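The values are calculated or read from the model by the stated rules, or taken from the named source; none is laboratory data. As the structure is a prediction and not an experimental result, all values here were calculated from the model. Reconstructed Cβ throughout: ideal geometry from the backbone, glycine too, with neighbour counts over all protein chains shown.
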Amino acid sequence: MKKNILIIIVLFALVSCNNSKGISLTKLTGSPTYNQAKLRLNDFNENEKNEFSFEVENYELGIQTQNDFKYKLANSAKGQHIHLIVNNQPYSAHYSKNFQKKLEGGNNVVLAFLSRSHHESVKNPNAYIFTQIGDGKKIDLEKQYLFYSRPKGTYTGSDTEKLLLDFYLVNTSISAKGNKVRVTIQDTEFLVDEWAPYIIEGLPKGEITIKLELLNSYGELIENPFNPSIRKVILK
């Protein structure tokens, strides 16, 4: 009997160790805050080229972000930039204030925000614009929104060890007693109640599915056209 109990204890310990080495989500700290950074849309010329013109203050595009954390994250060699998200599709990165972007016909919901060189968004109320352009049925921009940003694309080598998870909230906040974000990575769920960047670790190689859901205080999905967000990334 004692031998059977000992075997059960050992098996339980092994299972616990394996779980502890699974997928983890940890808040990222050590990035400059850029609390005074500002982004404004000066002009949009709707034509074949769709020309955007932004104004940026207290923030420099095209330079490398100086961080306090020492580990390596996937980083853009071109430096700090603007993330442009259209209809909650994967963002495009832009390294100057004026650029062109191909848009689909109909109404386009556009979110633009300042991004550090390692693709972490600047989360202050003046560092983003949120609007809709084009013909077609408009949506209610006053609703509560979550937009997916990172991770994105294919990761290789040491970039696969730590992935940045980042999202953008509009017209809402999250807290222990309020709205929350449910993060599902493969089959592992996390409930996030702080708007911050996070590091994903312990991922296997191959295709990874990530789902973000904006929930109300009762754990119910908040209704908007872009909730939930689901992405796939590749680790090689």
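Looking only at residues in region 173-191 that are buried (at least 18 other Cβ atoms within 10 Å of the Cβ) and of a type in the set (A, V, I, L, M), which one is farthest from Leu25 (Cα to Cα)?
Going through the qualifying residues, I end up with Ile174.
Hey, can you tell me all the residues within region 193-233 that are more than 18 Å from Asn171 (Cβ to Cβ), surrounded by 14 or more Cβ atoms within 10 Å (Cβ to Cβ) and among the β-branched types (Val, Ile, Thr)?
Ile199, Ile200, Ile208, Ile210, Val233
What number of residues in region 199-228 are within 14 Å of Lys180 (Cα to Cα), among the hydroxyl-bearing types (Ser, Thr, Tyr) and free of Cβ contacts under 8 Å to residues at least 40 places away in the same chain?
Going through region 199-228 one residue at a time, the tally reaches 1.
What is the residue count in region 44-80 for residues that are among the charged types (D, E, K, R), closer than 15 Å to Ile133 by Cα and modelled with pLDDT of 95 or more? Steps first, please.
From region 44-80, those among the charged types (D, E, K, R) are 46, 48-49, 51, 55, 57, 60, 68, 70, 72, 78; that's our starting set.
Pick out the ones that are also closer than 15 Å to Ile133 by Cα and you get 46, 48-49, 51.
Still in the list and also modelled with pLDDT of 95 or more: 51.
Qualifying residue count for the region: 1.
On the basis of being in contact (Cβ under 8 Å) with a residue 24 or more places away in the chain, surrounded by fewer than 18 Cβ atoms within 10 Å (Cβ to Cβ) and under 13 Å from the mean Cα position of the chain (by Cα), does Gly153 make the cut? Steps first, please.
Details: in contact (Cβ under 8 Å) with a residue 24 or more places away in the chain: yes; surrounded by fewer than 18 Cβ atoms within 10 Å (Cβ to Cβ): yes; under 13 Å from the mean Cα position of the chain (by Cα): yes.
Yes.
Please determine whether any residue of region 96-104 is surrounded by 15 or more Cβ atoms within 10 Å (Cβ to Cβ), in contact (Cβ under 8 Å) with a residue 40 or more places away in the chain and among the basic types (Lys, Arg).
yes
Just one of Asn98, Asn179, Asn126 is touching an Asp or Glu at 6+ places or on another chain (Cβ under 9 Å), modelled with pLDDT of 95 or more and within 26 Å of Tyr218 (Cβ to Cβ); which is it?
Going through Asn98, Asn179, Asn126 in turn, just one is touching an Asp or Glu at 6+ places or on another chain (Cβ under 9 Å), modelled with pLDDT of 95 or more and within 26 Å of Tyr218 (Cβ to Cβ): Asn179.
Anything in region 45-73 that is of a type in the set (A, V, I, L, M) and more than 20 Å from Asn35 (Cβ to Cβ)? List them, or say none.
The first filter runs over region 45-73 and keeps only residues of a type in the set (A, V, I, L, M), leaving 56, 61, 63, 73.
Hit for region 45-73 is Leu73, nothing else.
For region 41-62, name all the residues that are surrounded by 13 or more Cβ atoms within 10 Å (Cβ to Cβ) and in contact (Cβ under 8 Å) with a residue 40 or more places away in the chain.
Answer for region 41-62, where residues must be surrounded by 13 or more Cβ atoms within 10 Å (Cβ to Cβ) and in contact (Cβ under 8 Å) with a residue 40 or more places away in the chain: Leu41, Phe44, Asn50, Glu51, Phe52, Ser53, Phe54, Val56, Tyr59.
Suppose we filter region 106-147 for residues that are part of a strand (DSSP E or B), of a type in the set (A, V, I, L, M, F, W, C) and under 16 Å from Asn171 (Cα atoms); how many remain? If you could, list the steps in order and put the result at the bottom.
First, pick out the residues of region 106-147 that are part of a strand (DSSP E or B): 108-115, 121, 128-133, 145-147.
Subsequent filtering for residues that are of a type in the set (A, V, I, L, M, F, W, C) retains 109-114, 129-130, 133, 146-147.
Now restrict to residues that are under 16 Å from Asn171 (Cα atoms): 109-113, 129-130, 146-147.
Residues in region 106-147 being part of a strand (DSSP E or B), of a type in the set (A, V, I, L, M, F, W, C) and under 16 Å from Asn171 (Cα atoms): 9 in total.
When region 156-172 is examined, which residues are found to be within 23 Å of Lys72 (Cα to Cα) and crowded, with 16+ Cβ neighbours inside 10 Å? Please lay out each step first, then the result.
First, pick out the residues of region 156-172 that are within 23 Å of Lys72 (Cα to Cα): 156-168.
Across region 156-172, the qualifying residues are Asp159, Thr160, Glu161, Lys162, Leu163, Leu164, Leu165, Asp166, Phe167, Tyr168.
Can we say Ala176 is outside any strand (DSSP E or B) and over 15 Å from the mean Cα position of the chain (by Cα)? Let's see the steps before the verdict.
Working: outside any strand (DSSP E or B): yes; over 15 Å from the mean Cα position of the chain (by Cα): yes.
When the stated conditions are applied, Ala176 passes them.
Working only within region 112-130, note down all residues that are among the basic types (Lys, Arg) and either more than 17 Å from Tyr198 (Cα to Cα) or under 12 Å from the mean Cα position of the chain (by Cα) (or both).
Taking region 112-130 as the starting set, the residues that turn out to be among the basic types (Lys, Arg) are 116, 123.
Listed by number, the list holds a single entry, Lys123.
Residues of region 186-195 being in contact (Cβ under 8 Å) with a residue 40 or more places away in the chain and more than 22 Å from Asn87 (Cα to Cα), which ones?
Hits for region 186-195 are Gln186, Thr188, Phe190, Val192, Glu194.
Is it true that His83 is buried (at least 21 other Cβ atoms within 10 Å of the Cβ), modelled with pLDDT of 95 or more and not in a strand (DSSP E or B)?
Working: buried (at least 21 other Cβ atoms within 10 Å of the Cβ): yes; modelled with pLDDT of 95 or more: yes; not in a strand (DSSP E or B): no.
So His83 does not fit the description; no.
Scan Asp166, Asp159, Asp193, Asp135 and give me the residue that is of a type outside the set (A, V, I, L, M) and modelled with pLDDT under 95. Walk me through how you get there before you give the answer.
Details: Asp166 fails: modelled with pLDDT under 95; Asp159 fails: modelled with pLDDT under 95; Asp193 fails: modelled with pLDDT under 95.
That would be Asp135, the only listed residue that is of a type outside the set (A, V, I, L, M) and modelled with pLDDT under 95.
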